[in-house]
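Below is one structure, written out as structure tokens; the observations come after it.
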Amino acid sequence: MTSCRAGSKTVATTDSVSATKKVARKRKPIIREADVQTAILWRLAATPGVVVLEPARAEVSWARAMAAIDAEERGGRAVRAVVWTSNVAAARLGRSQRPRVIGMPGTPDISGVLRGGRALGIEVKRPGTGRVTQIQASYARAAQHLGALYCLATCVEDIAPVLDAIAAV
């Protein structure tokens, strides 16, 4: 019988073949920023009076928003907010193939408008490790100074002020 280290555990083995097998470590599940953003969008979509637009299906989304507004004008449920994702990306465009930024850097991951015209921004970060960049902090400060509702969220519970503001309009 021999002894070997596998991962962080010492394992007793009976032959050299099994001595080379590693013991699988249990890893803590990683929560991605995209997972948090999806959960927040689902929560907003479940809120009465909120229309969530999907940039990938813009025509369908705007048709749904307009249908909700038309229904409200006929005495239906009030549209209190319209929200959408607004991610920034880099791509190589044109013949030069130089990288170009698509979107405005610093804008929040989820943007929107509340009834009455108040802007809404939700910056989503990964729990525990997500950090706000300097340009995102500048955007947040300017938006709040001008009266926008701005929120930094690492989980669905962090958007409680947003949900309260939506309910109040």
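Rule-based calculations on the coordinates, nothing more; no lab input. The model shown is predicted, which means the values in this text are computed figures rather than measured ones. Cβ atoms come from the backbone with ideal geometry, glycine included; neighbour counts cover every protein chain shown.
Between the helical axis of 33-45 and the longest alpha-carbon principal axis of the chain there is an angle of about 40 degrees. No solvent, one uniform scatterer per C-alpha: report log10 I(q)/I(0) for segment 48-148 via the Debye equation at q = 0.10 1/Å, two decimals. Log-scaled intensity ratios, in q order: -0.39. Between the Cα long axis of helix 58-73 and the first principal axis of the chain there is an angle of about 50°, rounded to the nearest 10. Rounded to the nearest 500, the 222 nm mean residue ellipticity of the chain from helices alone is -9500 deg cm²/dmol, with -39,500 (n - 2.57) taken per DSSP H run of at least 4 residues.
If R0 equals 45 Å, the separation of the Cβ atoms of ALA91 and ARG118 corresponds to a calculated FRET efficiency of about 0.90. Using θ = phi - 60° in the Karplus curve 6.51 cos²θ - 1.76 cosθ + 1.60, the 3J(HN,Hα) couplings for segment 156-168 round to 4, 5, 5, 8, 4, x, 5, 4, 5, 5, 5, 5, 7 Hz; x is entered for Gly and Pro. Projecting the Cα positions of VAL50, PRO99, TRP62 onto the charge dipole of the chain (unit charges on Cβ atoms of Lys, Arg, Asp and Glu, taken about the Cα centre) puts PRO99 furthest along the positive direction. Only beta bridges with both residues in the chain are counted; by DSSP, about 65 percent of them are antiparallel. Each residue in TRP42, TRP84 was given a count of other beta-carbon atoms within 10 angstrom of its own, and listing them fewest first yields TRP42, TRP84.
When each of the peptides 138-144, 73-79 is scored by the mean number of other C-beta atoms lying within 10 Å of its residues, the order from highest to lowest reads 138-144, 73-79.
Normalising the Debye intensity of the chain to I(0), with uniform scatterers on Cα atoms only, and taking log10 at q = 0.09, 0.11 Å⁻¹ returns -0.47, -0.60. Between the Cα long axis of helix 134-145 and the first principal axis of the chain there is an angle of about 30°, rounded to the nearest 10.
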